[in-house]
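A quick write-up on the structure given underneath.
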């Protein structure tokens, strides 16, 4: 049986993912072109700066210090599996523009953006650098922001979704 065409809300879901990938690639390219590695531009002193960082690990630099030659291969394989799962869920959730579809679209676009970096360069370019006093959040990028935003939308959908088939309390039966 052939796959259903890219119609209805499905095209908008994949359009969101494409916009995330394009915006992610553009911002990373600008950072690489205009800033040397570790160079910083203060945007809001004491709170936010743009810093060119290469993340060889997973999210927020996890496993970056691992010397294993399999690190990049493992991270790429895990990303591909995640992409397949998210794309499959998104393909099934094509009927409406609900929170779930938007969340999955953001996660898909962010995962593609970071996977692109890993496959092409062996590392991910991070540049959004937030800090307050001595507290410093690990640098991240647009793809990371999309993934986290998408995940938050999915969590919100789980906790705040109203179902129409809720079972009434015993007193009302």
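Every number here is computed from the coordinates shown, using simple stated rules; none is lab data. All of these numbers come straight from a predicted model, not from anything done at the bench. Ideal geometry is used to build each Cβ from the backbone, glycine not excepted, and the neighbour counts take in all protein chains shown.
Overview of values
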{"quantity": "Residue order, fewest to most surrounding Cβ atoms within 10 angstrom, among 106, 89", "calculated": "89, 106"}
{"quantity": "Additional length obtainable on full extension of the chain from residue 36 to residue 158, 0.36 nm per residue less Cα span", "calculated": "39.7 nm"}
{"quantity": "Residue 131 versus residue 80: modelled label distance in nm, points set 7 Å from Cα along the beta carbon direction", "calculated": "3.8"}
